[in-house]
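Worksheet: one structure, shown below.
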Amino acid sequence: MVYRYAFSFIFLLFLFWKNGKAQTQLEGFSHPLADTVIALSTLDSIPQQYRQYQKGWVRYSLENAREGRVTYLDLNKVRISRDSILSIWRKSGKPPVFLVERKSCPDSLLLAPRLNGCRRIKAVLKKANGESLDEVRWEEYPDLVVSHYFSYPLEKSNRIWLSPKKDAFRFMPDIMYFNLENFNAVKTFEAIPFGLKDNLVYSYLASGRFDSFCQKSRIQSDPSFHEVVQAGEAFEFNGTTSYLQSSEMEEMYLRSNFSVFVSFRMNEEALRERQSLVGKGILFNIKMIDRFLTFTHVGVDDIILNKYAFESGKWYDILVTAEGGKELKFYVNGDWAGTYKLGKLEESTKALVVGNNVWDEFFRGSIKDVLVWNRILSAEEAKMLRQMEKEPVPYFHYALSAIAVLWGGFMIAFYLRKKKAKRRDQPETLLRKISDGQKPLVFKKRISLFGGFEVFTEESGNLSSLFSPKLRELLVLLLFSKLEGRKLKTPVVNQHLWPMMSASQAKNNRSTYISKLRKIFKEHGLGKVSFHDDCWQLELDPKVMCDLFFVNRHIVEPETILFAEEHVAALLQIRRGRLCPFISTEWAIDFSERWEERIIQSLSSFSDLSSGEAMRLVSNALFALDPVNEFALSCKVEYYLQKGSYQVARNRYDKFLKEYFELFGEEYPKSFEEVQASAHSRQ
């Protein structure tokens with residue numbers, strides 16, 4: 001009984017602590033105290049509706065503001081200027097919540113309204129599941145660290161770019177532009193967790209530990225392996241002539257922020273030698289010096305993990321994360337081992353070399369796996385890599401697998417034998433049936449731009465998650481240029497995708513994203529990206545259906561639509577929605593609107609629509625691009641009237657009236673009878 005009361009008491013204390021903590025933290029702009037400065041005459045003159053927050057409030061400081069706490073600033077005790085407050089605000093994303101004015105200073109009475117009157121941008125940070133996010137940094141403002149939500153005063157500039165970054169996450173969008181036209185709106189940055197496959201640029205694997213996200217290297221067919229011998233699930237290096245060199249020298253830039261994982265074992269005779277594990281020109285080299293792990297960069301002192309002595313004959317997993325201009329972290333066997341300051345790192349196009357370096361410090365021992373990412377891995381990901389051990393498969397599993405294969409073959413044969421004309425729709429592989437007796441077209445590989453971005457292959461499924469927002473823009477730019485037959489030169493790519501960067505920065509980013517796109521296209525048989533005659537060119541595999549190209553071939557170019565299965569499939573593609581709604585840049589909007597207008601003109605030019613099904617398909621496609629298209633309204637009304645559904649036709653007309661008024665701010669000039677008459681006049 002005593003234990004029961006004790007447990008209840010502890011539980012009540014926990015609830016009290018939790019509730020009290022919740023009251024002192026601001027989670028978003030919906031909170032009544034968020035992003036505002038409330039002036040007080042004294043500490044005790046807080047308004048009644050805010051009294052509940054007084055118990056948990058804390059002094060306004062950089063740390064407390066970053067945590068999203070309810071803060072106060074007493075000007076009677078602290079002499080602080082408006083510029084000092086703005087400095088903390090620009091580093092934390094939050095102004096003070098309460099401001100106690102100093103009566104002896106008339107200027108302090110104006111401080112709160114001046115802070116509230118600052119023009120500012122507002123944004124919310126959240127994960128894909130809706131949870132809030134903390135400790136987010138920004139490319140353009142290294143001192144700005146925010147949590148949950150933030151605002152940023154626009155005092156010195158009327159426009160800014162913001163690119164969020166946080167280990168183990170990518171953001172959508174990955175960059176946002178704020179100016180005087182949109183600073184009032186609250187923007188949202190959504191954080192999506194990286195998978196271990198994301199931004200993986202090099203992988204040399206002898207073991208099967210990481211089969212879940214990358215494949216083993218084939219030493220027999222790869223000329224990059226120089227006198228390296230594979231023994232079981234490890235590469236053997238002799239310490240005198242063996243090394244492995246990447247063949248992707250000019251294609252793959254390694255950014256100044258990267259992570260390197262190596263699983264290795266040293267030989268006994270190598271303990272007192274300098275031996276290189278992995279490096280990339282003079283950008284970096286990770287090596288062993290007298291049993292200590294060392295990070296070397298030309299022009300700076302070696303960074304030595306001297307608290308951890310490695311032994312011979314033992315396998316180690318090491319992960320090194322390098323954030324140029326900030327810090328270097330070591331992880332050993334999944335655990336953090338040390339953090340050191342790191343100077344600026346220059347980007348390099350030199351080959352990645354395993355087992356040797358520019359000083360001929362050959363490695364003597366065994367290496368199972370080498371992986372390199374163009375991003376900073378988190379501590380959680382370091383543990384995930386360590387925990388990925390290849391599990392032995394019991395023999396009875398092979399028997400079960402054989403039975404499963406035989407049973408699966410029997411079921412497939414039975415299905416193919418009994419399959420009828422009526423099939424269940426599969427949105428990943430089939431277009432839906434549009435009329436009785438007509439089979440839908442099957443596209444085993446497709447790139448969709450209408451209604452949203454999607455890349456799909458029958459073999460690999462939906463590949464859209466492999467494309468970051470910037471990679472999608474690059475692909476769309478290549479597709480647009482190919483469709484219109486325009487030469488896509490490098491300066492045009494830089495101007496469209498990286499307008500605010502220097503030529504060298506744009507070059508590095510362009511090379512990285514081109515390499516990513518080439519890798520995805522090659523792995524999934526989508527085509528290839530090449531550079532010929534000073535122009536970037538995209539060549540799609542003949543089996544790939546790009547919906548915009550398909551629509552152009554069967555809707556825009558033909559003089560008449562015969563409503564064969566290709567024309568119907570094209571109309572169904574358009575019905576998905578507007579062209580490229582996932583890109584908000586000016587060049588993409590101009591292109592999309594131009595092609596939408598061409599499609600609308602093509603569809604609106606067919607006055608002789610002989611069947612109700614044709615009218616339905618055309619009107620649906622038109623409404624997807626233009627909700628207030630008059631020709632689409634006429635077709636839709638006529639379609640319902642032919643079916644005898646007068647009330648449905650009337651309801652569709654009423655919906656059109658509402659959308660027309662919301663868009664133009666005026667009443668639609670034609671009555672239902674006039675629309676009905678215009679529909680009859682077309683026949």
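Summarising the amide proton neighbourhood of Ala337: residues at separation of 5 or more, or on other chains, whose placed amide H is nearer than 5 Å comprise Phe330, Tyr331, Val332. Using R₀ = 41 Å, calculate the FRET efficiency as 1/(1 + (r/R₀)^6) where r is the Cβ-Cβ separation of Cys105 and Lys344; round to 0.05. Computed FRET efficiency for Cys105 and Lys344: 0.40. Taking amide H as placed 1.01 Å from N in the peptide plane, the amide H of Val100 sits under 5 Å from that of Leu40, Leu73, Asp74, Leu75, each at least 5 places away or on another chain.
Which of the pairs Lys445/Lys655; Lys482/Lys507; Lys329/Lys350 have their Cα atoms more than 27 Å apart in this structure?
Values: Lys445/Lys655 37 Å; Lys482/Lys507 22 Å; Lys329/Lys350 23 Å.
Violating the 27 Å Cα-Cα cut-off are Lys445/Lys655.
At an R0 of 30 angstrom, the distance between the Cβ atoms of Glu268 and Gln387 translates into a FRET efficiency of 0.55.
What FRET efficiency would be calculated for the residue pair Glu140, Leu483, taking the C-beta separation as r and a Förster radius of 30 Å, to the nearest 0.05? List each step's numbers first, then the result.
Values: r = 34 Å, r/R0 = 1.13.
Computed FRET efficiency for Glu140 and Leu483 comes out at 0.35.
Taking 0.36 nm per residue of sequence separation and removing the Cα-Cα distance, the Gln230/Phe213 pair yields an extension gain of 4.0 nm.
Straight Cα distances below 15 angstrom link Lys368 to the aspartates and glutamates Asp211, Glu233, Glu236, Asp317, Glu389, with same-chain residues fewer than 8 positions distant left out. The modelled label-to-label distance for the pair Thr241/Asp290, using points 7 Å beyond Cα in the direction of Cβ, is 3.2 nm.
The order of Val146, Val229 by accessible area, most exposed first and with a 1.4 Å probe, is Val229, Val146. For segment 37-102, a/c is not less than 1.5, where a ≥ b ≥ c are the root eigenvalues of the C-alpha gyration tensor, and a/b does not top b/c. That puts it in the oblate class. Bridging of Lys77 to aspartates and glutamates at a Cα separation below 12 Å is possible for Glu101, once same-chain residues fewer than 8 apart are set aside.
Pairs over the 32 Å Cα-Cα cut-off, from the set Lys126/Lys543; Lys122/Lys383; Lys126/Lys197; Lys344/Lys528: Lys126/Lys543; Lys122/Lys383; Lys344/Lys528. Partners of Lys487 within straight-line reach, counting aspartates and glutamates whose Cα lies under 13 Å from its Cα and excluding those fewer than 8 residues away in the same chain: Asp533, Asp534.
By the gyration tensor of its Cα atoms, with a ≥ b ≥ c the square roots of the eigenvalues, what is the shape of segment 571-673: rounded for a/c under 1.5, prolate for a/b over b/c, or oblate? Could the numbers behind the result be given before it?
On the way: a/c = 2.30, a/b = 1.44, b/c = 1.60.
Oblate shape, in that a/c is at least 1.5 and b/c is the bigger or equal ratio.
Note that segment 328-343 has calculated 3J(HN,Hα) couplings of 10, 10, 10, 10, 10, 6, x, 9, 4, 10, x, 10, 9, 5, 10, x Hz, one per residue in order, obtained from phi through the Karplus relation 6.51 cos²θ - 1.76 cosθ + 1.60 (θ = phi - 60°); glycine and proline are x.
Are there any trypsin sites (Lys or Arg not before Pro) in segment 582-672 that are in a DSSP loop and have at most 15 other Cβ atoms within 10 Å? List them by number. Numbers along the way, then the final one.
Details: sites: Arg594, Arg598, Arg616, Lys636, Lys643, Arg650, Arg652, Lys655, Lys658, Lys670; in loops: Lys643, Lys670.
Here the trypsin sites (Lys or Arg not before Pro) that fit, given the DSSP loop and packing criteria, are Lys643.
Modelled label positions at Arg90 and Asp335, each set 7 Å beyond Cα in the direction of Cβ, lie 4.3 nm from each other.
Each peptide in 29-36, 497-504, 514-521, 571-578 was scored by the mean count of other Cβ atoms within 10 Å over its residues; highest first, the order is 571-578, 514-521, 29-36, 497-504. Ligands, DNA and RNA are left out, and with a 1.4 angstrom probe the accessible area of segment 22-174 is 48 Å² per residue. Projected label points at Met500 and Gln49, each 7 Å from Cα along the beta carbon direction, are separated by 3.7 nanometres. Considering amide H positions built from the backbone, and no H for Pro or chain starts, which residues 5 or more places from Asp134, or on another chain, come under 5 Å of its amide H? Placed amide hydrogens put His148 under 5 Å from Asp134. Karplus-derived 3J(HN,Hα) values for segment 109-126, using 6.51 cos²θ - 1.76 cosθ + 1.60 with θ = phi - 60°, are 5, 9, 5, 4, x, 5, 5, 5, x, 5, 5, 8, 9, 10, 8, 10, 10, 8 Hz; glycine and proline are entered as x.
In segment 63-123, which trypsin sites (Lys or Arg not before Pro) fall in coil by DSSP and have 14 or fewer other Cβ atoms within 10 Å?
Passing sites in segment 63-123 are Lys77, Arg79, Lys103, Arg119.
Expressed as a whole percent, the accessible area of segment 39-79 that falls on carbon and sulfur atoms is 42 (1.4 Å probe).
The values are calculated or read from the model by the stated rules, or taken from the named source; none is laboratory data. The shown structure was predicted, so the numbers you read here are calculated from the model rather than taken from an experiment. For neighbour counting, all protein chains shown are included, and Cβ atoms are generated from backbone atoms with ideal geometry for every residue, glycine included. Remember, those area values only see protein heavy atoms, side chains included, never the ligands or the DNA or RNA. Shrake-Rupley method; radii C 1.70, N 1.55, O 1.52, S 1.80 Å.
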